[in-house]
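The values are calculated or read from the model by the stated rules, or taken from the named source; none is laboratory data. Computed from a prediction, not measured in an experiment: that's the story for all the values here. Here the Cβ is made from the backbone with ideal geometry for all residues, glycine too, and neighbour counts use every protein chain on show.
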Amino acid sequence: MKSIKPRLFSLIGVALLGLIAQPVLAQAPGGVTNLTGTWSNVNPTTGGIVKITVTSDASGFKIHTYGACSPTPCDHGAVAASPFSKSVSSSVAYGLSGQYNFGFSTMLVTAKRVYEYDGGNFLEVETRTKFAAGDTRYDYTRTELFRK
């Protein structure tokens, strides 16, 4: 009976330590209003994304992209996105990231606010497209500028 008590106390101690030492989850920045809205590509002849809409509501933070198709833009749909701040101490979103899966390819979309162009309201969007196994096309990246 004496050997059971130390083991029992050890188990209780380990269990309590496990409850106390739970990892803290990282926080996404909450201030996303400077990213939300509809952004249009400044290049009217782009072969990539022509428009991106960024929303934030009770269902979460999302991006909705439209590709360059004719006669109307292709609707890629909306996907969940993650906002990112400019530093670990900032709660204001500066950029975002989301990923599409089209079946034949995946497209990672990352974007960040850029202020160095005319002091304007710009979003620099980078897409990285990776084709499915067996597809003979080359994976590629594209960086384009968008304005509200």
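Can you pull out the residues in the stretch 124-146 that are not hydrophobic (A, V, I, L, M, F, W, C) and not in a strand (DSSP E or B)?
First, the residues of the stretch 124-146 that are not hydrophobic (A, V, I, L, M, F, W, C): 124, 126-130, 134-144.
Matches in the stretch 124-146: Gly134, Asp135, Thr136, Arg137, Tyr138, Asp139.
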### Residues of the stretch 39-50 classified as surrounded by 15 or more Cβ atoms within 10 Å (Cβ to Cβ) and without any contact (Cβ under 8 Å) to a residue 40 or more places away in the chain, total
1
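Residue-by-condition table, conditions (1) over 14 Å from Ala111 (Cβ atoms); (2) more than 17 Å from the chain's Cα centre (by Cα); (3) not hydrophobic (A, V, I, L, M, F, W, C):
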residue	(1), (2), (3)
Gly60	yes, no, yes
Gly67	yes, yes, yes
Ala78	yes, no, no
Ala81	no, no, no
Ser85	no, no, yes
Val88	yes, no, no
### Query
Is at least one residue of the stretch 106-116 assigned to a strand (DSSP E or B), modelled with pLDDT under 90 and not polar (S, T, N, Q)?
yes
### Task
Kindly list the number of the only condition in (1) closer than 15 Å to Asn34 by Cα; (2) not in a loop (DSSP other than H, G, I, E, B) that fails for Ser90.
(2)
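For residues that are modelled with pLDDT of 90 or more, on the phi < 0 side of the Ramachandran plot and not in a loop (DSSP other than H, G, I, E, B), tally how many sit in the stretch 29-55.
Of the stretch 29-55, the ones modelled with pLDDT of 90 or more are 36-55.
Now narrow it down to the ones that are on the phi < 0 side of the Ramachandran plot: 36, 38-55.
Retained after the next criterion (residues that are not in a loop (DSSP other than H, G, I, E, B)): 38-41, 49-55.
Qualifying residue count, the stretch 29-55: 11.
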### Message
So, in the stretch 98-117, exactly how many residues are within 18 Å of the chain's Cα centre (by Cα) and within 19 Å of Phe131 (Cα to Cα)?
### Response
11
### Message
Return the residues of the stretch 66-81 that are surrounded by 14 or more Cβ atoms within 10 Å (Cβ to Cβ) and among the hydroxyl-bearing types (Ser, Thr, Tyr); say none if nothing qualifies.
### Response
Tyr66
